[in-house]
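Undergrad: Have a look at the structure that comes next, please.
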Amino acid sequence: MSKNSIKPVIADADAINHAADLLRRGRLVAFPTETVYGLGADAGNSDAVAAIFKAKGRPTDHPLIVHIADIDSLGDWAATVPEAALKLAHRFWPGPLAMILNKKAGVSPTVTGGQQTVGLRIPDHPVALALLRSFGGGVAAPSANRFCRISPTQALHVSAELGDAVDMILDGGACRVGVESTIIDLSGGKPRLLRPGHITQQQIEAVLQIELLTPSTPAAPAPEISEDIRAPGMMAVHYAPTTPAMRCRAELLPDRIQHLTAAGKKIGVLNYRLDIAETGQVRILRLPEQAASYAQSFYTALRELDNLQLDIILIEQPPQTEAWRAINDRLGKAAAL
Ligand code: TXA
Ligand code: MG
């Protein structure tokens, strides 16, 4: 973390009111949600929203999610609110689900990346909700990481990512879900799942009573082991900023570790099931075996290993089941960040 990094502030009522005031003045506030920390700006202020893209180093055609405090506010942002959206909102909000709807005419193209649709969600976190209520409007907020890096799930991760490019960081502790929200597109035609998350496809289908379309690219299977760990396309985690990382099937992991150790490599291992001994060359971080708990600590663990200046991070391939879908998606696709 640079010496100019903003120190997180405990999110008590005064801090939250101060943060709302900063938002009103067009400044940037990082805040906790149940999924990951968001980098927020007044969604009605194009200059403030433009500052988000600058702070993140994100291309301006990547649309942002507008966070709102209540279902009634949907009408401030969406041209029409389809029945399906209302059903999902009543069942899952506040919660880790974002919906893409056709935008209202006045919504700034800066927020929507120039698209005719807008992403919306009510986060399930007391600090986020208190901030939204105190501010009284929509808050545009992507994950509070630099573009293509790991999403922050603790306030200090935000300081490490954004330094002083943010005006205030509200500290609300570690995020409960740990991976970004499920995104569903309800802007026309059949509903489509755009990003898997904690709320599963089945849960959504059960509410809507129809089958969802899914992203055209299914979750990638574990890549085969290659001799050249730096071969392009072999990196399972494209967004690991300095350390190459790849998934490895459990049965191949011990051999792989031995092979790399013999080659003098320093290795980090993210396992959840296999018992592996730690040595001077091998740093093990064991995550819980249950998917939801694994997700909760996943980004923190990845970040921790990434800070150790290792040669490679090996990730024990999780099961390819629905419960693990969001994790497999994040392991397989940089685009999800
Ligand atoms: O859990 C979350 O959703 C977190 C917290 C902070 O709420 N936010 C988050 O935002 O993950 P971000 O910007 O890192 O990811 C949002 C994703 C992006 O991939 C973006 O392309 C997509 O949502 N998105 C937003 N608006 C969209 C739209 N109108 N059409 C299609 N995709 C959209
Ligand atoms: Mg993101």
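The values are calculated or read from the model by the stated rules, or taken from the named source; none is laboratory data. Remember, it's a predicted structure, so these values are computed and weren't measured experimentally. Neighbour counts run over all protein chains shown; Cβ positions are idealised from the backbone, glycine included.
Undergrad: Quick check on the range 135-171: of everything there that is under 12 Å from residue 6 (Cβ atoms) and of a type in the set (Gly, Ala, Ser), which residue is farthest from ligand 1 (Cβ to nearest atom)?
TA: Step by step, filter the range 135-171, then rank; the result is 163.
Undergrad: Residues of the range 1-32 being touching a residue at least 60 places away in the same chain (Cβ under 8 Å) and farther than 15 Å from residue 132 by Cα, which ones?
TA: The answer is 1, 2, 4, 5, 6, 7, 8, 9, 10.
Undergrad: For the range 51-84, what are the residues that are among the hydrophobic types (A, V, I, L, M, F, W, C), within 16 Å of ligand 2 (Cβ to nearest atom) and not in a strand (DSSP E or B)?
TA: Once the filter is applied, which keeps residues that are among the hydrophobic types (A, V, I, L, M, F, W, C), within 16 Å of ligand 2 (Cβ to nearest atom) and not in a strand (DSSP E or B), the range 51-84 yields 52, 53, 55, 64.
Undergrad: Residue by residue through the range 96-134, note down the ones that are farther than 14 Å from residue 76 by Cβ and assigned to a loop (DSSP other than H, G, I, E, B).
TA: 96, 113, 114, 115, 116, 123, 124, 125
Undergrad: Same structure, new question: What's the number of the only condition in (1) more than 16 Å from ligand 2 (Cβ to nearest atom); (2) within 18 Å of residue 138 (Cα to Cα); (3) aliphatic (A, V, I, L, M) that residue 88 fails to meet?
TA: (2)
Undergrad: Please go through (1) within 30 Å of residue 248 (Cβ to Cβ); (2) more than 16 Å from ligand 2 (Cβ to nearest atom) for residue 206 and return the number of the only condition it doesn't satisfy.
TA: All conditions are met except number (1).
Undergrad: Are any residues in the range 135-155 assigned to a loop (DSSP other than H, G, I, E, B), touching an Asp or Glu at 6+ places or on another chain (Cβ under 8 Å) and either at pLDDT below 95 or within 13 Å of ligand 2 (Cβ to nearest atom) (or both), and if so, which ones?
TA: 144, 145, 146, 149, 150, 151, 152
Undergrad: Still on this structure, please answer the following. Quick check: anything in the range 10-26 within 23 Å of residue 296 (Cα to Cα) and buried (at least 16 other Cβ atoms within 10 Å of the Cβ)?
TA: Yes: one or more hits.
Undergrad: Could you grab me the full set of residues in the range 1-49 that are within 16 Å of ligand 2 (Cβ to nearest atom), of a type in the set (Gly, Ala, Ser) and over 23 Å from residue 295 (Cβ atoms)?
TA: The one that is within 16 Å of ligand 2 (Cβ to nearest atom), of a type in the set (Gly, Ala, Ser) and over 23 Å from residue 295 (Cβ atoms): 41.
Undergrad: Continuing with the same structure: Can you give me the number of residues within the range 124-136 that are surrounded by fewer than 23 Cβ atoms within 10 Å (Cβ to Cβ), under 17 Å from residue 93 (Cβ atoms) and of a type in the set (Gly, Ala, Ser)?
TA: Count: 1.
Undergrad: Give me a count of the residues in the range 242-261 that are closer than 18 Å to residue 309 by Cα, surrounded by fewer than 16 Cβ atoms within 10 Å (Cβ to Cβ) and more than 30 Å from the chain's Cα centre (by Cα).
TA: 1
Undergrad: When you scan the range 285-294, do you find a residue that is away from ligand 1 (no atom under 16 Å from the Cβ) and touching a residue at least 40 places away in the same chain (Cβ under 8 Å), even just one?
TA: No: zero hits.
Undergrad: Looking for whichever is more than 23 Å from residue 200 (Cβ to Cβ) and surrounded by fewer than 16 Cβ atoms within 10 Å (Cβ to Cβ) here; the options are 57, 44, 113. Which one fits?
TA: Exactly one of 57, 44, 113 is more than 23 Å from residue 200 (Cβ to Cβ) and surrounded by fewer than 16 Cβ atoms within 10 Å (Cβ to Cβ), namely 57.
Undergrad: Another question, then. Starting from the range 155-168, keep only residues that are crowded, with 20+ Cβ neighbours inside 10 Å, then list their pairs with residues that are charged (D, E, K, R) whose Cβ atoms are within a distance under 6 Å, requiring at least 6 positions of separation or different chains.
TA: 155/171; 161/146
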